[in-house]
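Student: Handing you a structure now.
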Amino acid sequence: MKGHAEMFGITVSGHNCKRIAFGGWAIGGQFTTGVSDSNSLEALETAYHLGIRLIDTAPVYGNGHSEKLIGRFLKSRDRDHVFIATKFGMSWKTTSSGTRTMIRNTSGKALLKEVEGSLRRLRTDYIDLYQVHWPDPVTPVQETMDSLNHLKEQGKIRFVGVSNFSLAGIKEIEGDSPLDAVQGQYNLLSREYEGEFFDYLKEEHTQFLSYGTLAYGLLSGKYQSKEFSSEDWRRRGNSPTNNYFSPGNFEGNIQKANRLGSIAEKIGVTSAQLAIAWTLRHSFIYTLVGAKNSLQVQENAKALSLDLSTDVLRKLDNIFPK
Ligand SMILES: NC(=O)c1ccc[n+]([C@@H]2O[C@H](COP(=O)([O-])OP(=O)(O)OC[C@H]3O[C@@H](n4cnc5c(N)ncnc54)[C@H](OP(=O)(O)O)[C@@H]3O)[C@@H](O)[C@H]2O)c1
């Protein structure tokens, strides 16, 4: 039996883990703007009090800053009331011309070192879910899995997941080591996982942690032009996972977001709530939503109580086809 039942069944001291998770990327503050540590800590507190107990982060989010903030937040909490998901195996290298390149290293040696850094920054002695951030084209996947199993035996991690893997890559791993969770980008603008991939996860009872739920703010409907500051990655739109903000796409995406907004208004919710609720229609999905302040968390959490009608789902399919 896979670990996910225990993992998400949720036993964190009597508190149910809601299917919205706190996404810790933006609070890392690197390539993002409009964040402050005090607002981030308040956002984490608000999430906690609303019953949001799953927190996703990674060492690469703000060069360890996201994990450090979460560690500060954890200090005043019972550790077993919160479920921490972090990652390993990815870093950025910036060339002298300012170009960013993604470095992937999931070798056993690197992983055993990385886990110690995450544990230290998070101020904890175990990680609930440890995820391979991106597939590493060089390291044999068995080497990575062996090291993860070693960490499990030591009690440093409880569950194992992968992120940004193809279905073939997941099947290759699952031949020997069943995964507890899979993470990937899924939102109204990116529905590629629907079909074979989701069918497989359902059959295998593997949880899916969806990220980019709001298409990085775009689906909230608040952006009508490229009003991002020069340090904000969305201004240039260079991301390894999407081109929502690149010239030629951005304008069309705004039009779609505005149409989403009209439907949301008719049913008395916000665009962000509708976009989040749309991902939650799949019961095996835990949706990761980033937030920079308490107000965003409060607004987004309300999506948990939305039940979307078939009429609304049909309208969304028309605007955002598969
Ligand atoms: N595995 C991976 O490779 C990977 C990649 C990306 C993300 N992730 C994970 O997934 C999480 C979620 O993705 P994300 O944070 O990048 O993007 P997201 O959830 O799609 O969007 C979050 C952003 O939307 C804006 N926002 C949030 N709530 C809002 C509201 N109610 N109204 C208006 N704007 C709102 C905020 O930015 P502004 O206010 O500035 O617009 C916030 O930072 C991440 O935090 C991270 O944990 C994983």
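Student: Of the conditions (1) more than 16 Å from the ligand (Cβ to nearest atom); (2) closer than 21 Å to R53 by Cα, Q142 fails just one. Which one is it?
Tutor: Just one mismatch for Q142, condition (2).
Student: Of the residues R121, R104, which is charged (D, E, K, R) and either open to solvent by 70 Å² or more (accessible area, probe 1.4 Å) or closer than 20 Å to A181 by Cα (or both)?
Tutor: Answer to the check: R104.
Student: Right, another one. Pull up region 209-232, narrow it to residues that are outside any loop (DSSP other than H, G, I, E, B) and more than 23 Å from F165 (Cβ to Cβ), then point me to the one that is nearest to the ligand (Cβ to nearest atom). Spell out the reasoning first.
Tutor: Here is the first cut: in region 209-232, the ones outside any loop (DSSP other than H, G, I, E, B) are 209-211, 218-220.
Add one more test, that the residue is more than 23 Å from F165 (Cβ to Cβ), and what stays is 218-220.
Numbers: L218: 8, L219: 7, S220: 3 Å.
It comes out as S220.
Student: Further question: Cβ-Cβ distance below 8 Å, separation of 6 or more or different chains: which pairs start in region 41-64 with a residue that is among the charged types (D, E, K, R) and end on one that is assigned to a helix (DSSP H, G or I)?
Tutor: The qualifying pairs are E42/S294; E45/F73; E45/S294; R53/H81.
Student: With at positive phi and either at pLDDT 95 or above or open to solvent by 50 Å² or more (accessible area, probe 1.4 Å) (or both) as the only criterion, which of G268, G290, G261 stands out? I'd like the intermediate steps shown before the answer.
Tutor: Working: G290 fails: at positive phi; G261 fails: at positive phi.
Going through G268, G290, G261 in turn, the sole match is G268.
Student: Just one of I254, I285 is open to solvent by 10 Å² or more (accessible area, probe 1.4 Å), away from the ligand (no atom under 11 Å from the Cβ) and not basic (K, R); which is it? Reasoning before the result, please.
Tutor: Numbers: I285 fails: open to solvent by 10 Å² or more (accessible area, probe 1.4 Å).
Result: I254 is the single residue among I254, I285 that is open to solvent by 10 Å² or more (accessible area, probe 1.4 Å), away from the ligand (no atom under 11 Å from the Cβ) and not basic (K, R).
Student: Still on this model: Out of (1) open to solvent by less than 60 Å² (accessible area, probe 1.4 Å); (2) assigned to a loop (DSSP other than H, G, I, E, B); (3) in contact (Cβ under 8 Å) with a residue 40 or more places away in the chain; (4) within 23 Å of Y61 (Cβ to Cβ), the odd one out for N238 is which?
Tutor: (1)
Student: Right, next: Only one residue in L295, L280 is more than 15 Å from the chain's Cα centre (by Cα), surrounded by 13 or more Cβ atoms within 10 Å (Cβ to Cβ) and not small (G, A, S), so which one is that? Reasoning before the result, please.
Tutor: Values: L280 fails: more than 15 Å from the chain's Cα centre (by Cα).
Testing whether each residue is more than 15 Å from the chain's Cα centre (by Cα), surrounded by 13 or more Cβ atoms within 10 Å (Cβ to Cβ) and not small (G, A, S) leaves just L295.
Student: Just a yes or no: is a residue in region 29-50 buried (at least 20 other Cβ atoms within 10 Å of the Cβ), modelled with pLDDT of 95 or more and under 14 Å from the mean Cα position of the chain (by Cα)?
Tutor: No: zero hits.
Student: If you scan region 66-84, which residues turn out to be part of a helix (DSSP H, G or I), away from the ligand (no atom under 13 Å from the Cβ) and either open to solvent by less than 20 Å² (accessible area, probe 1.4 Å) or touching a Gly at 6+ places or on another chain (Cβ under 6 Å) (or both)? I'd like the intermediate steps shown before the answer.
Tutor: Taking region 66-84 as the starting set, the residues that turn out to be part of a helix (DSSP H, G or I) are 66-75, 79-81.
Narrowing further to those that are away from the ligand (no atom under 13 Å from the Cβ): 68, 71-75, 79-81.
Answer for region 66-84, where residues must be part of a helix (DSSP H, G or I), away from the ligand (no atom under 13 Å from the Cβ) and either open to solvent by less than 20 Å² (accessible area, probe 1.4 Å) or touching a Gly at 6+ places or on another chain (Cβ under 6 Å) (or both): G71, F73, L74.
Student: Looking at region 85-100, which of its residues are part of a strand (DSSP E or B) and exposed (fewer than 10 other Cβ atoms within 10 Å of the Cβ)? Walk me through how you get there before you give the answer.
Tutor: First, pick out the residues of region 85-100 that are part of a strand (DSSP E or B): 85-88, 90-94, 100.
Those that are part of a strand (DSSP E or B) and exposed (fewer than 10 other Cβ atoms within 10 Å of the Cβ): K93, T94.
Student: Name, by its number, the condition in (1) under 18 Å from E67 (Cα atoms); (2) within 14 Å of the ligand (Cβ to nearest atom); (3) out of contact with any Gly (no Cβ under 6 Å at 6 or more places or on another chain) that does not hold for H133.
Tutor: (3)
Student: Further question on the same structure: Which condition does S271 not pass, out of (1) touching a strand residue (DSSP E or B) at 6+ places or on another chain (Cβ under 8 Å); (2) within 12 Å of the ligand (Cβ to nearest atom), if it passes all the others?
Tutor: (1)
Student: Moving on to the next point. Evaluate the following for T144: is it of a type in the set (S, T, N, Q), touching a strand residue (DSSP E or B) at 6+ places or on another chain (Cβ under 7 Å) and open to solvent by less than 70 Å² (accessible area, probe 1.4 Å)?
Tutor: Working: of a type in the set (S, T, N, Q): yes; touching a strand residue (DSSP E or B) at 6+ places or on another chain (Cβ under 7 Å): yes; open to solvent by less than 70 Å² (accessible area, probe 1.4 Å): yes.
In short, yes.
The values are calculated or read from the model by the stated rules, or taken from the named source; none is laboratory data. All of these numbers come straight from a predicted model, not from anything done at the bench. Virtual Cβ from ideal backbone geometry, glycine too; neighbours counted across all protein chains shown. Note: accessible area is taken over every heavy atom of the protein model, side chains too, but ligands, DNA and RNA are not part of it. Shrake-Rupley method; radii C 1.70, N 1.55, O 1.52, S 1.80 Å.
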